[in-house]
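A.B. asks: Here it is, the structure in full.
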Amino acid sequence: MKLKGTVTVALKEGIFDPQGAAVKGSLDTLGYAQVEGVRIGKDIVIKLSAASAEEAKALLDEMARKLLANPVTETYRIAVERV
């Protein structure tokens, strides 16, 4: 089955996010004083073939642990959909 997996990677809470701080500062300058914080992450989209969505999630989890995310400083979540 053809699937599309999205691995969303973000810095763990408590880890300083310089990109998020820069965006927050810019939003403050633009008058959005109600913004209390910004965190920046990344989406990694992978097209793959697997027997099931569960198998695809397991493969994507393995990829994330081995390469796509740094477990010391980042968290990740996985979504899978049919294409």
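A.B. asks: From the set of residues in segment 48-80 that are out of contact with any Gly (no Cβ under 8 Å at 6 or more places or on another chain) and more than 30 Å from G14 (Cα to Cα), which is surrounded by the fewest Cβ atoms within 10 Å (Cβ to Cβ)?
C.D. replies: So the residue we want is A51.
A.B. asks: Any chance you could count how many residues in segment 23-40 are farther than 18 Å from K12 by Cα and not hydroxyl-bearing (S, T, Y)?
C.D. replies: The qualifying residues number 8.
A.B. asks: Within segment 15-56, take every residue that is in contact (Cβ under 8 Å) with a residue 12 or more places away in the chain and of a type in the set (D, E) and give me the one that is nearest to R77 (Cα to Cα).
C.D. replies: My answer is D43.
A.B. asks: Given the conditions (1) under 22 Å from V83 (Cα atoms); (2) charged (D, E, K, R); (3) in contact (Cβ under 8 Å) with a residue 40 or more places away in the chain; (4) surrounded by 12 or more Cβ atoms within 10 Å (Cβ to Cβ), and given that K12 satisfies all but one, which numbered condition is not satisfied?
C.D. replies: (1)
Readers should treat all values here as calculations from the given coordinates under stated rules, not as data from a laboratory. Owing to the predicted nature of the structure, the values given are computational and were not obtained by experimental measurement. Note that each Cβ is placed from the backbone with ideal geometry, even for glycine, and that neighbours are counted across all protein chains shown.
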